[in-house]
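The values are calculated or read from the model by the stated rules, or taken from the named source; none is laboratory data. The structure presented is a predicted model; accordingly, all values stated were derived computationally and were not measured. A quick note on method: Cβ atoms are made from the backbone with ideal geometry, for glycine too, and the neighbour counts reach across all protein chains shown.
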Amino acid sequence: MIGAAARNLAPGLLLLALGGCSTDRLLEAAAAQPRAEISGAPYFSERDHQCGPAALATLLGAAGQPVTPDTLAHEVFIPGRKGSVQAEMLVAVRRHSLVALTLAPTLPALLKEIEQGRPVLVLQNFGLPALPLWHYAVVVGYERERDTVLLSGGRGRQQRLAARRFLGTWGRAGNWAFVALRPGELPADMRAAPLLDAVAALEALGQRASAAASYQAATRRWPSESLAWFALANNQLALGETAAAETAYREVLRVQPDHLPARNNLALLLAHRGCIAAATEALAPARVAADDGPFAAEIADSWREIQALGAEAPTCQAH
């Protein structure tokens, strides 16, 4: 079977007061609404050095997975370092059956998620590059005319930060941000690859059923994206849904006839169902196309397996 294809620490930190002059940063970033605010995101007051669990609890609660910061602290907080590691924040989201999608490092990408009613967890640096003061917060809205960003995080229920200052603190943290998507929910980002990578990371934790809903949604949004169909096909096969897997593999080949992994996997699926002639027919073009390429050995093994099965094949069960 052929499959689909610096750590930062954030101790708790009291948000600094608003600074700098008003600008038009939100207007320049094409903020679509005069004011956008997400009302359904729960608020949790953070403890010392535990802004990560508090911000993560806000994000998960808004995505329909209520959990307390105390519970999350056991998953993401590192007492010896007084902070939470970014990679562990993403893994914690996946443990709760949600897709953790890292955003493009731009303000327009962040604003589009807010405008879809989805809070965004961000990492900020209120210090200097050489002497950082890390902080996690959740962006829950903006005010275009006042050029301010609304954040949940810190000691108050909501913070207003001038967009210019927010961009400074966010930029010094590498413009890192992510959202938590429910299974089957699609982001504002119109690119398939980032979502498919994020769903694959969810599936890698054993969350195959949750991943399936997101792969299916991806094929509906990007019906000509062979990678989306291939990921769905492998997912369905792992779940034992062979008819759905066969359909998805055939969609891959409709979109991309020279997709050798899909042709290989489809042939094996057919052979194990007893359809030896159909399997041989499906794999034959791949044997020629593979030549001495990266899939040559895998396809040769599959061909030998199919021929061995042919001697004692059950009746072919068509789907």
I'm checking my understanding of the structure. Among residues of the range 196-237 that are outside any helix (DSSP H, G or I) and not polar (S, T, N, Q), which one is nearest to the chain's Cα centre (by Cα)? LEU205
Taking the options THR219, THR247, name whichever one is surrounded by fewer than 18 Cβ atoms within 10 Å (Cβ to Cβ) and under 30 Å from HIS96 (Cα atoms). THR247
Is it true that GLY240 is outside any helix (DSSP H, G or I) and at positive phi? yes
Checking the condition at pLDDT 90 or above, of a type in the set (D, E, K, R) and assigned to a strand (DSSP E or B), which residue from ARG160, ARG118, ARG94, ARG146 passes? ARG160
Residues of the range 252-289 that turn out to be more than 30 Å from the chain's Cα centre (by Cα) and not small (Gly, Ala, Ser), as a count: 11
Taking the range 42-67 and keeping only residues that are touching a helix residue (DSSP H, G or I) at 6+ places or on another chain (Cβ under 6 Å) and more than 18 Å from LEU123 (Cα to Cα), one is left with PRO42, VAL67
Please indicate, with yes or no, whether at least one residue in the range 125-143 is within 24 Å of GLY61 (Cα to Cα), polar (S, T, N, Q) and either part of a strand (DSSP E or B) or modelled with pLDDT of 95 or more (or both). no
Which listed residue, of ALA173, ALA198, ALA177, ALA162, is of a type outside the set (S, T, N, Q) and not assigned by TED's automatic domain parsing to the domain that holds ALA130: ALA198
